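*Asks:* The structure's right below; bear with me while I get my questions together.
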Amino acid sequence: MQQFYTIGLLVIANIFMTFAWYGHLKLQQINVISDNTPLYFIILMSWFLALPEYCCQIPANRIGFEGNGGPYTIMQLKVIQEVISLTVFTIFVTIFFNGETLRWNHLAAFLCLVLAVYFIFYK
């Protein structure tokens with residue numbers, strides 16, 4: 001069960017973080033915020049979105065870490081997090097930024113990530 005909690009929390013955390021990092025670009029694109037919006041406001045808005053990310057990321061790492069009785073090593077946790085992060089980012093970009101398309105080199109990069117997961121779990 002710890003595996004599912006860990007992965008679920010990591011997915012939720014990465015959804016919040018992707019919106020914190022890139023959501024303001026979409027808001028600017030659709031004229032919700034302007035080019036003249038102060039950077040400090042954008043940073044504060046992003047921090048507000050990053051707080052729930054931390055509220056999920058930290059428990060995910062604590063629950064998932066083998067040192068706390070979880071199923072994953074710290075290296076495994078990091079690679080899993082990176083794969084989830086790039087997956088969430090790709091979905092976000094293809095949905096919210098219509099000009100971005102997936103190309104063969106993106107798929108090749110994802111294949112490399114799948115291989116990274118394989119190798120990180122290889123005994």
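Values in this text are rule-based calculations from the coordinates and carry no lab data. Every value quoted in this text rests on a predicted model; they were computed, and no experiment measured them. Here Cβ is always computed from backbone atoms with ideal geometry, including for glycine, and neighbour counts include all displayed protein chains.
*Asks:* Projected area of the chain, taken from the Cα convex hull and averaged over every viewing direction, in nm²?
*Replies:* 8.8
*Asks:* Compute the separation of the alpha-carbon centres of segment 52-103 and segment 21-50 and state it in Å as a whole number.
*Replies:* Value for the Cα centre distance between the two parts: 22 Å.
*Asks:* Rounded to the nearest 0.05, what FRET efficiency is calculated for Tyr40 and Glu82 with R0 set to 35 Å and r the Cβ-Cβ distance?
*Replies:* 0.75
*Asks:* Once you have all Cα-Cα distances for segment 20-68, histogram them in 10 Å bins from zero and send the whole-percent values.
*Replies:* Values per bin, smallest distances first: 24, 37, 20, 14, 4.
*Asks:* Mind checking which of Thr101, Leu86, Met17 is farthest towards the positive end of the chain's charge dipole, using Cβ charges of +1 (Lys, Arg) and -1 (Asp, Glu) about the Cα centre?
*Replies:* Projecting each Cα onto the dipole axis, the largest value belongs to Leu86.
*Asks:* If you don't mind, another one. Looking at the chain as a GNM with Cα springs under 10 Å, which of Tyr72, Tyr54, Tyr40 has the largest mean-square fluctuation?
*Replies:* Evaluated over the chain, the most mobile residue of the options is Tyr40.
*Asks:* Compute the long axis of helix 104-121 from its Cα atoms, compare it with the longest principal axis of the Cα atoms of the chain, and write down the angle in degrees, 0 to 90, nearest 10.
*Replies:* 30
*Asks:* Could you identify which residue out of Pro38, Pro59, Pro71 has the top mean-square fluctuation in a GNM of the chain using Cα springs shorter than 10 Å?
*Replies:* For the chain, modelled as a Gaussian network with Cα springs under 10 Å, the answer is Pro38.
*Asks:* Taking segment 63-123 on its own, what percent of its Cα-Cα pair distances exceed 18 Å?
*Replies:* Distances greater than 18 Å cover 46 percent of the Cα pairs.
*Asks:* While we're on this one: So, with +1 on the Cβ of K and R and -1 on the Cβ of D and E, and no other charges, what is the size of the charge dipole of the chain about its Cα centre, to the nearest 20 debye?
*Replies:* 200
*Asks:* Same structure again: Per DSSP helix of 4 or more residues, -39500 (n - 2.57); summed, then divided by the residues of the chain. What does that give at 222 nm, rounded to the nearest 500?
*Replies:* Calculated at 222 nm, the ellipticity per residue is -27000 deg cm²/dmol.
*Asks:* GNM on the chain, C-alpha springs below 10 Å: top fluctuator among Gly23, Gly64, Gly99?
*Replies:* For the chain, modelled as a Gaussian network with Cα springs under 10 Å, the answer is Gly99.
*Asks:* Compute the length gained on full extension between Gln29 and Phe110: take 0.36 nm times their separation in residues and subtract their Cα-Cα distance, giving the result in nm to one decimal.
*Replies:* 26.4 nm
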